[in-house]
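See structure below.
Any read-out appearing in this document is the output of simple, stated calculations on the displayed coordinates, not a laboratory observation. Because the structure is predicted, anything quoted here is derived from the model rather than measured. Cβ sites come from the backbone with ideal geometry, for glycine too, and all protein chains shown count toward neighbours.
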Amino acid sequence: MRKQTLLPAVLVALLYLLLAVLRQAGIIGIYWGQIMDLALITTIQAVGLSLIYGFAGQFSLGHAGFYGLGAYVAAYITHTLGGTHLTFALALAAGAAAAGLVALLIGLPILRLRSDYLGIATLGFGIIVKVVLDNADKLSPVLGGARGMAGIPRLTTFHWVFWLAVLTVVVARNLIASSYGRSCIAVREDEVAADIMGLDTTRFKTLAFVMGCAMAGLAGGLYAHLYSFLHPSSFDFLKSFDVLLVVVLGGLGSLTGTVVTAVGWVFLLEGLRDVLGQQFLDWRGVAYALILIAVMIARPQGIMGGRELSVGQLFRHRAARGGADHGAA
């Protein structure tokens, strides 16, 4: 167990040092460094939806709403109290807590719904959040309303984003490996059977929903302090489809697939923007659909197909191949 825990920790630390040195030396420029930060923020958000949809089987289309709630709550706190590292940490915690609390309040009634009905209910919530953000200046002029919120201190750095992404993946992985996570998977596989076996299905669905939405709120707080400007259009219901696409392409029930796809998706879109220019932005919706159709035809189960990739498996696979080669020799 120590080896299984220590080796991934060492590799993550080495990856962090490598990326930090490359960015400090200017090999990874400011522009692509910011894209890397956005990719890690997207990873945090996508891991949250993976808990909800990939592992608990709850079809949610309102994830961008919780993303926006976390962003605005965190931005309001740092804008009001000042841009220090302490207030930034408090703002991120408050953004995640606000998203999780709202998820709990709306989750208790709507998580009794299933399948498409749940998706429609969460989609309605996302639209409500967008309308509230458009008129948020009536609550406080600082929030900006339809004009957007400006003057947010730029506090998000690679160090914050990287380690919070690692923390998010670790928390999600430990939850999935626990009895609570196995109960969520049982609900995903057959909710009726899980209910008959005595599981409180509403409780476990709510747990996954609150945890996933809190992660979205955390990602929103990091996003707000990365670009120093927020606009309600950044959190409309179409943004929920972006992160849903990442989870589906990565493979439902695979954290590894979610992380790899989230990072690759952000860099792919930015690369296409460089190659195709403004024309790609106009046709981005068509590109999304074509990529999704192609992947679903070639690999319907997603990139990872519900499997996880671990360092221990890689080393065991290499050892097994080495033993087989030695035996053959």
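Would you work out the charge dipole size for the chain about its Cα centre, treating the Cβ of every Lys and Arg as +1 and the Cβ of every Asp and Glu as -1, and quote it to the nearest 20 debye? That gives a dipole near 600 debye. Mean separation of Cα pairs under 8 Å and 6 or more residues apart, divided by the residue count, gives segment 2-321 a relative contact order of 31 percent. In loop segments of segment 191-267 as defined by DSSP, the chymotrypsin sites (Phe, Trp or Tyr not before Pro) with at most 15 further C-beta atoms inside 10 Å of their C-beta are PHE229.
For segment 169-189 versus segment 5-70, the spacing of their alpha-carbon centroids is 20 Å.
Once a ≥ b ≥ c are taken as the square roots of the eigenvalues of the Cα gyration tensor of segment 112-183, is the result rounded (a/c under 1.5), prolate (a/b larger than b/c) or oblate (a/b not larger than b/c)? The shape class here is oblate. Placing +1 on the Cβ of every Lys and Arg and -1 on the Cβ of every Asp and Glu, with nothing else charged, gives segment 108-207 a dipole about its Cα centre of roughly 320 debye. With each label modelled as a point 7 angstrom along the Cα→C-beta vector, the LEU86-ARG112 pair spans 4.6 nm. Each of VAL132, VAL260, ALA177 was placed along the dipole of segment 2-321 (beta-carbon charges, centred on the mean Cα), and the one lying farthest toward the positive end is ALA177. According to the square roots a ≥ b ≥ c of the eigenvalues of the Cα gyration tensor, what is the shape class of segment 5-54, taking rounded for a/c under 1.5, prolate for a/b larger than b/c otherwise, and oblate for the remainder? Oblate, since a/c reaches 1.5 and b/c is not below a/b.
Dividing the summed -39500 (n - 2.57) terms of all DSSP H runs of n ≥ 4 by the residue count of the chain sets its mean residue ellipticity at 222 nm at -25000 deg cm²/dmol.
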